[in-house]
Each structure stands twice: as C-alpha cells, then as structure tokens.
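These notes are about the structure you will find just below.
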Amino acid sequence: MTAQHKRKFDNHENAQLWHTRLSHISKYRIRKLVYSKSLEIDDLDNLPTYKSCLKGKMTKKLFVGQSTIADSQLDLIHTDVCGPLNTPARGEYSYFITFTDDHSRYGYVYIMRYKSEAFGRFKEYRLEVENQTGHKIKALRSD
C-alpha cells in the first residue's frame with residue numbers, strides 16, 4: 001500500500017490555513033501544487049491577497065527620495081568606484097571610477113590601477129568640467 005500525500009480541503013479557511021502553513025506562498029504556487037496533484041483545494045479562487053503577505057515578500061523598502069533632476073550643469077554629480085576587476089585591463093588597470101552629471105546625464109569614466117587613485121581622478125574630472133562649463137560642482141553623491 002502506498003502512502004497518500006494528498007489533502008482534501010473543501011472550504012476557504014482550510015485553503016487559508018495551508019497558505020499560511022506554506023510560508024504564505026502565492027496563489028500561483030498553490031495552483032502548481034494542485035496541478036501536480038499534491039494538494040486538492042476546491043475554492044482556491046476565494047483566497048484573498050493579503051497586504052501583509054505582499055509586504056513580507058518585499059526584499060527591501062522602496063526608496064522614497066529626491067526624484068527631480070538637477071536644475072543646471074554640475075549642481076549634482078553622481079560617482080561610483082568599481083573594482084577590483086577579475087581580469088585587469090591592459091596596463092594592469094583593475095578599477096574604474098565614473099562621474100555622471102545629474103542634469104545632462106553626461107558621464108566620464110577614468111581607469112585606475114589602485115582604488116586610492118579615486119581622489120586624484122576626481123580632481124582631474126573637476127578641473128576639466130569646471131573649465132569647460134564655467135560652472136562649479138555643487139554636490140557630489142556616491143554610494
């Protein structure tokens with residue numbers, strides 16, 4: 001005699017109970033269990049979607065912050081350092097740094113051998129863009 005792993009549920013409370021017991025899995029996943037004949041649930045369509053289930057599945061809170069673009073060039077510059085790269089570029093460059101103007105979305109990339117070169121690359125960038133535009137950098141944002 002083989003063991004039966006199927007369960008028969010005939011009301012909403014039992015479908016909700018198994019939804020909870022199975023770590024608040026989605027209706028889609030419960031349907032897959034029903035389709036594979038692992039569960040038999042008659043009124044799965046009546047299982048509501050709970051806000052707490054949706055919030056619990058979120059990996060991080062949504063960023064609620066500044067969504068406006070800077071008013072003029074060099075008001076806000078975004079920067080990021082990447083590296084070390086698995087395979088260094090020719091010349092043993094293992095890092096790079098990016099600078100992106102928030103207003104124009106124009107970007108610069110500088111390659112570096114060492115992460116400690118980042119401030120020097122920023123000074124190069126600042127000198128170049130301030131001479132080109134006639135504006136001064138007001139804010140620098142990095143992660």
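Structure notes:
- R0 of 25 Å, Cβ-Cβ distance TYR114-ASP71: FRET efficiency to nearest 0.05: 0.10
- Net lengthening on full extension, LEU17/THR98 (0.36 nm per residue, minus Cα-Cα): 24.0 nm
- Length released on extending from CYS53 to SER142, taking residue separation times 0.36 nm less the Cα-Cα span: 28.7 nm
- The slack in the chain from ASP42 to LYS27, taken as 0.36 nm per residue of separation less the alpha-carbon distance, amounts to 4.1 nm.
- Residue-wise HN-Hα coupling along region 134-141, computed from phi with Karplus coefficients 6.51, -1.76, 1.60 (Hz; x: Gly, Pro): x, 9, 10, 5, 9, 8, 10, 10
- Where labels lie 7 Å past Cα in the beta-carbon direction, separation of ASN86 and GLN132 in nm: 3.3 nm
- Per-residue Cβ neighbour counts within 10 Å put PHE99, PHE119 in the sequence PHE119, PHE99, beginning with the fewest.
Values quoted throughout were computed directly from the atomic coordinates according to the rules given, and no laboratory measurement underlies them. All figures in this text were calculated on a predicted structure; none of them were measured in a lab. Don't worry about glycine lacking a Cβ; one is built from the backbone with ideal geometry, like all the others, and counts go over all protein chains shown.
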